[in-house]
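First comes the structure, then the notes that go with it.
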Amino acid sequence: MDELLAQLNPEQRKAVKVTKGPILILAGAGSGKTRVITYRIAYLIKSKNINPKNILAITFTNKAAGEMQSRIQTLLGSDHKVWIRTFHSTCAKMLRGGAERIGIKKNFAIYDEYDQLSVIKECLSDLDIDAKAFSPAYIAAVINNIKENLSSGSAIESDILRNVYNVYNKKLAEYNALDFDDLIMKVVELFKTDEDILEYYQEKFRYILVDEYQDTNRAQYVLTKMLAEKHRNLCVVGDDDQSIYSWRGAEIRNILDFEEDFPDTTVIKLQQNYRSTRRILKAASAVVSNNEYRKSKTLWCDNETGERIVFFDADDSYTEAAYVARKIMELKLKGVNLGEIAVFYRVNYQSRLFEECFITYRIPYEVVGSLRFYERAEIKNVLAYLRVINNPLDAVSLRRIINVPSRKIGHETMEKISAYGEKHRISVYEVLHEVDNIKKINSGTRKRIKNFAKMIDLLIDTQRQMDIYELALQVVKDSGYLSSLSEDRTERDYIRRKNVEELMLSMKDYARERPEANLNDYLEEVSLRSDIDDWNESTERVNLMTLHNAKGLEFDIVFITGFEDGLIPHYKSQQDAKQYEEERRLLYVGITRARKLLHMTYARQRDMFRAGPSYTELSPFYHEIPRDVMCSGYNID
């Protein structure tokens, strides 16, 4: 450990060695946070003789958790297995062990946002509510907000929305399913219901570490506090200057008020930046220092001064995109790896012009955070089969696959099946076995339904005799799904088939690497993957992404585009001081992703739908950047 500690600066060493009581580590951008976290865990195990099983480390992406686990194994050896997980993965694992005490079967399905919208649409249909008057996406936001804040349906003022909320939760219970926010809310409920389980986890996790604490919401805050209440060895790591997710429930006050919750807190500030040049760091610090709602800190570095930030003032958005493409071509000719270049924008629609330009210039690119692999229809179809095998009550997945590939079991037939199920209070899966009782369905369709049910029954019976890969292979063969994606029919079918084959290969790898894992484990891991988990940083492609998706990443060269009032900061933030400060933090995050060179671009004119060409104004944040770190794109010196 002495050799490892010698690699750290004084504040990093302190963050590793102070182990008792509540600790707040304010880790500025690029300050070596991941190294500190992993060394801290290693120090607890090697120097303090803490059993790895008594340590819980929580982060926000599976990618980050995997990286930490890998580093710790490198430091200590593969036999030191620490519980390093995301909040949702942690709660899912806890619920698998004790959810039956609050009426949840342990093979519950985890519904993503698409599944959630499907259930909401069912609710609207059942309640005869016009989806145009109450959009499913809006209702989903209301539901998520209620659960993130550990509130109840009674907090919803609208009678209509309250009814939808209640029916929605009733359906989830019928389907033995939980949505993302349920995972945390139900664990809190479990802990409040069963003190023995709470005490078990409090005793198990004597040392708790939470990464990216500025991104926690109310439910995550309550859960963390409950777990840490007994031993109080809670270390939270974060940076209030990088709190950019209030729109999805994150509460910056969790980190700003940490010392009020724990008056005996040890506060450690990691302020030395190891990532960016001095000019880039000076620009970022100058911008974020204008925020009032923040902890005082000053980032500094011993890195080179670096090149000036290049600012390009484009006539219009087309010129802006062409400028970025030309600069990337120049960088490529100089030998720069395209994977070390990122183009950031505030909102997704801005990517279109860059994509068109990159195609014209033949620049390989990847849009990070667009349609993920596991969200593609053909992948969700295969996974839906597996979800039904794992949890036959999962009506959303069952409805998805009953006619995929086509079995001539249409929408009207499914409505008759659902109506029968509601009348007799049985699941859709059970109705399939009683379909002969539904005389309104013709004999040919009844036969096809029974054949489908028989196939699923057989797969359910044989699943324990196979690993994940063998089961999936059996599914795509028996269902006829793989053969329905003929490679010779259309280019689209060819791509779909190749995607399914890629899924099969990933399952083969999963089964080989985790022979002890079951179907439940696999489906849980896939359900809880994030956009960044699917991003491959080693590809030779330019990375296109929103500023929000850029958090946690770093690149040699960054382009921040659309540096205009209304985009950065977003027009919706301009009447709210706290939201306006969050937009400034978002720019700070974007700037601090750059290691060596930063370009910022602004289009004087941008085409708007309906309004046509619209003149823009330069972002007010531009004037907060010191002039001595910038130069003009027209006159690079």
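Could you please find all residues in segment 428-448 being under 23 Å from TYR481 (Cβ atoms) and open to solvent by less than 90 Å² (accessible area, probe 1.4 Å)? Result: VAL428, TYR429, VAL431, LEU432, VAL435, GLY444, THR445, ARG446, ARG448.
Among the residues of segment 465-518, those identified as acidic (Asp, Glu), closer than 18 Å to ALA384 by Cα and within 26 Å of the chain's Cα centre (by Cα) are GLU501, GLU502.
For segment 221-234, indicate whether the set of residues that are open to solvent by 30 Å² or more (accessible area, probe 1.4 Å), out of contact with any His (no Cβ under 9 Å at 6 or more places or on another chain) and free of Cβ contacts under 8 Å to residues at least 12 places away in the same chain is non-empty.
Within segment 221-234 (the criterion being open to solvent by 30 Å² or more (accessible area, probe 1.4 Å), out of contact with any His (no Cβ under 9 Å at 6 or more places or on another chain) and free of Cβ contacts under 8 Å to residues at least 12 places away in the same chain), the answer is no, since none of the residues qualifies.
Evaluating PHE312 against the criteria (1) part of a helix (DSSP H, G or I); (2) in contact with a strand residue (DSSP E or B) (Cβ under 6 Å, 6 or more places away or on another chain) leaves one unmet condition, (1). Taking the criterion of being surrounded by 17 or more Cβ atoms within 10 Å (Cβ to Cβ), at pLDDT 90 or above and not polar (S, T, N, Q), would at least one residue in segment 487-499 satisfy it? No; the residues of segment 487-499 include none that is surrounded by 17 or more Cβ atoms within 10 Å (Cβ to Cβ), at pLDDT 90 or above and not polar (S, T, N, Q). Residue pairs whose Cβ atoms lie under 6 Å apart, sitting 6 or more positions apart in sequence or on different chains, and linking a residue in segment 349-370 that is over 19 Å from HIS548 (Cα atoms) and open to solvent by less than 60 Å² (accessible area, probe 1.4 Å) to a partner that is modelled with pLDDT of 90 or more and hydroxyl-bearing (Ser, Thr, Tyr), are LEU353/SER317; PHE358/TYR365. When ASP467 is tested against the conditions (1) touching a residue at least 40 places away in the same chain (Cβ under 8 Å); (2) open to solvent by less than 30 Å² (accessible area, probe 1.4 Å), the lone failure is (2).
Do you know which residues across segment 342-371 are among the hydrophobic types (A, V, I, L, M, F, W, C) and part of a loop (DSSP other than H, G, I, E, B)?
Within segment 342-371, VAL347, ILE363, VAL368, LEU371 qualify.
If you scan segment 191-220, which residues turn out to be in contact with a Gly (Cβ under 9 Å, 6 or more places away or on another chain) and surrounded by fewer than 22 Cβ atoms within 10 Å (Cβ to Cβ)? ASP194, ILE197, TYR200, ARG218, listed by residue number. Considering segment 132-159, the residues that are touching a Lys or Arg at 6+ places or on another chain (Cβ under 7 Å) and part of a loop (DSSP other than H, G, I, E, B) include one that is farthest from GLN220 (Cα to Cα), namely ILE156. Taking first residues from segment 164-181 that are closer than 16 Å to VAL526 by Cα and partners that are basic (Lys, Arg) and open to solvent by less than 20 Å² (accessible area, probe 1.4 Å), the Cβ contacts under 9 Å between residues at least 6 apart in sequence or on separate chains come to ALA177/LYS171; ASP179/LYS147; PHE180/LYS147. Screening segment 10-41 for residues that are small (Gly, Ala, Ser) and not in a strand (DSSP E or B) and picking the one that is nearest to MET68 (Cα to Cα) gives GLY32.
Scanning segment 576-608 for residues that are of a type in the set (Phe, Trp, Tyr) and more than 21 Å from MET630 (Cα to Cα) yields one hit, TYR580. Restricting attention to segment 324-346, the residues that are crowded, with 18+ Cβ neighbours inside 10 Å and not small (Gly, Ala, Ser) total 11.
Within segment 607-616, one or more residues are closer than 24 Å to ASN290 by Cβ and modelled with pLDDT under 95. The criterion of at least 2 residues that are under 20 Å from TYR522 (Cβ atoms) and modelled with pLDDT under 95 is met, among helices (runs of 4 or more DSSP H) falling completely within segment 414-482, by 443-462, 468-478. In segment 386-411, of all residues being touching a Ser or Thr at 6+ places or on another chain (Cβ under 6 Å) and closer than 19 Å to GLU524 by Cβ, the one that is surrounded by the fewest Cβ atoms within 10 Å (Cβ to Cβ) corresponds to LEU393. Among the residues of segment 129-158, write down those that are of a type outside the set (A, V, I, L, M, F, W, C) and in contact (Cβ under 8 Å) with a residue 40 or more places away in the chain. Scanning segment 129-158 gives ASN144, ASN145, LYS147, GLU148, ASN149.
Just a yes or no: is a residue in segment 89-108 at pLDDT 95 or above, open to solvent by less than 20 Å² (accessible area, probe 1.4 Å) and part of a strand (DSSP E or B)? Looking for residues that are at pLDDT 95 or above, open to solvent by less than 20 Å² (accessible area, probe 1.4 Å) and part of a strand (DSSP E or B), one finds none in segment 89-108, hence no. Would you check if GLY339 is outside any helix (DSSP H, G or I) and out of contact with any His (no Cβ under 6 Å at 6 or more places or on another chain)? Taking the combined requirement at face value, the residue does not satisfy it. Of all the numbered requirements in (1) within 25 Å of TYR602 (Cβ to Cβ); (2) open to solvent by 30 Å² or more (accessible area, probe 1.4 Å), SER276 misses one, and that requirement is (2).
Somewhere in segment 609-620, is a residue open to solvent by 20 Å² or more (accessible area, probe 1.4 Å) and within 18 Å of SER285 (Cα to Cα)? There is at least one residue in segment 609-620 that is open to solvent by 20 Å² or more (accessible area, probe 1.4 Å) and within 18 Å of SER285 (Cα to Cα).
Summed over segment 152-188, the residues that are open to solvent by 40 Å² or more (accessible area, probe 1.4 Å) and either touching a helix residue (DSSP H, G or I) at 6+ places or on another chain (Cβ under 8 Å) or on the phi > 0 side of the Ramachandran plot (or both) give a count of 9. The set of residues in segment 569-581 being outside any loop (DSSP other than H, G, I, E, B) and open to solvent by 20 Å² or more (accessible area, probe 1.4 Å) consists of HIS570, TYR571, LYS572, ALA577, LYS578, GLN579, TYR580, GLU581.
Filtered by the rule that a residue be surrounded by fewer than 18 Cβ atoms within 10 Å (Cβ to Cβ) and either at pLDDT 95 or above or not in a helix (DSSP H, G or I) (or both), segment 42-67 gives SER47, LYS48, ASN49, ASN51. Among residues of segment 520-545 that are more than 17 Å from VAL558 (Cα to Cα) and basic (Lys, Arg), those with a Cβ under 8 angstrom from a residue that is part of a helix (DSSP H, G or I) and modelled with pLDDT under 90, sequence gap 6+ or separate chain, pair up as ARG529/ASN62; ARG529/TYR374. Checking each residue in segment 1-33 for being polar (S, T, N, Q) and crowded, with 17+ Cβ neighbours inside 10 Å picks out GLN12, SER31. Kindly indicate whether any position in segment 71-92 is within 23 Å of VAL222 (Cα to Cα), polar (S, T, N, Q) and in contact with a Lys or Arg (Cβ under 8 Å, 6 or more places away or on another chain). So far as segment 71-92 goes, no, none of its residues is within 23 Å of VAL222 (Cα to Cα), polar (S, T, N, Q) and in contact with a Lys or Arg (Cβ under 8 Å, 6 or more places away or on another chain). When segment 109-132 is filtered for residues that are small (Gly, Ala, Ser) and surrounded by fewer than 20 Cβ atoms within 10 Å (Cβ to Cβ), the ones remaining, listed by number, are SER118, SER125, ALA131. Can you pull out every residue in segment 235-249 that is open to solvent by 10 Å² or more (accessible area, probe 1.4 Å) and under 19 Å from VAL188 (Cβ atoms)? Selection gives ARG248, GLY249.
The values are calculated or read from the model by the stated rules, or taken from the named source; none is laboratory data. A quick note: this is a predicted structure, and the numbers were derived from the prediction, not measured. Heads up, the Cβs are rebuilt from the backbone with ideal geometry, glycines too, and the neighbour counts pull from every protein chain shown. These area figures cover heavy atoms from the full protein model, side chains too; ligands, DNA and RNA do not enter into them. Shrake-Rupley method; radii C 1.70, N 1.55, O 1.52, S 1.80 Å.
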